[in-house]
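This report concerns only the one structure given below.
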Amino acid sequence: GNIILKNFLQDFKGSIYPVNIKYSEIYGLKCYPNLSSIEEDIDLAVIAVPAKEVPKVMEDAGKKGVKLAIIISAGFSEIGKEGKELEDRIRKIIKEYGIRVIGPNCMGIYDPYNGIDTFFVDRNRLPRPGKGKIALLTQSGAIALSFLEYAAQKRIGISKIISYGNKIDLDEVDILKELKDDKNTEFIFIYMEGLGEKRGKEFIEVVKDVRKPIIVLKAGKTRRGNIAAASHTS
């Protein structure tokens, strides 16, 4: 959470509201004990707390009127029954309040155009690439970080890297619909672990509608790959 906050402070031009019950101020910003104590409207909540605390935070976000949440936290369906039960609780909350969610168990979004960087690796250790026209979509946080590092080293500009982990809500189909009209994105690369039978046909239709070059690398087709893909149960 600390690294994510520092990332936003470097490039994000909008208002930032740290939430931590232990502090009244962080890096010169007023810190709030919970979302409901923030006076202003909130567009995005970035959640990086222990998994068991996420449903409570999501409930607060719903009551606050937050429309998008990025759940960085791990410890959900990828660890078994208890984690899946937590995911099911979150699904009920987002359905009740109409919140869209990226994650959980993900790196989130790196968008150099809008100054959004939820990747929790310090920039001194992992430099960020500059602005460009390539977008990467991936469930895997490791792939997202590897691409981030490679693009920075090779000075390849990117428009967005979106890591969506267990994708309990937003998935490749939803994100492609948004990228279709994104002026900063001209090329799309997808590292796909699995889509689900119900979304396959819709994915094909959306790809036809995007009208931008799209490369899809399907992981999990071998035994070892299938084990790796299982880390994001969907």
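The values are calculated or read from the model by the stated rules, or taken from the named source; none is laboratory data. Given the structure is predicted, the values throughout are model-derived calculations rather than measurements. Glycine gets a Cβ as well: all are built from the backbone with ideal geometry, and neighbour counts include every protein chain shown. The accessibility values were calculated without ligands, DNA or RNA, using every heavy atom of the protein model including side chains. Shrake-Rupley method; radii C 1.70, N 1.55, O 1.52, S 1.80 Å.
Taken as a whole, the structure places Val101 among residues that are under 17 Å from Leu44 (Cβ atoms) and within 18 Å of the chain's Cα centre (by Cα).
Looking at the range 130-234, the helices (runs of 4 or more DSSP H) lying wholly inside it that each contain 3 or more residues that are open to solvent by less than 20 Å² (accessible area, probe 1.4 Å), within 23 Å of Ile72 (Cβ to Cβ) and at pLDDT 95 or above sit at 141-154, 172-179. Entry remark, the range 117-129: residues being open to solvent by 10 Å² or more (accessible area, probe 1.4 Å) and more than 21 Å from Arg155 (Cβ to Cβ) number 1 in total.
In this structure, Asn105 does satisfy being crowded, with 17+ Cβ neighbours inside 10 Å, within 30 Å of Phe187 (Cβ to Cβ) and either modelled with pLDDT under 95 or not charged (D, E, K, R) (or both).
Taken as a whole, the condition of being basic (Lys, Arg) and surrounded by fewer than 20 Cβ atoms within 10 Å (Cβ to Cβ) applies to Lys95.
When each of Ile79, Ile90 is tested for being within 21 Å of Ala142 (Cβ to Cβ) and either surrounded by 14 or more Cβ atoms within 10 Å (Cβ to Cβ) or among the β-branched types (Val, Ile, Thr) (or both), the lone residue that passes is Ile79.
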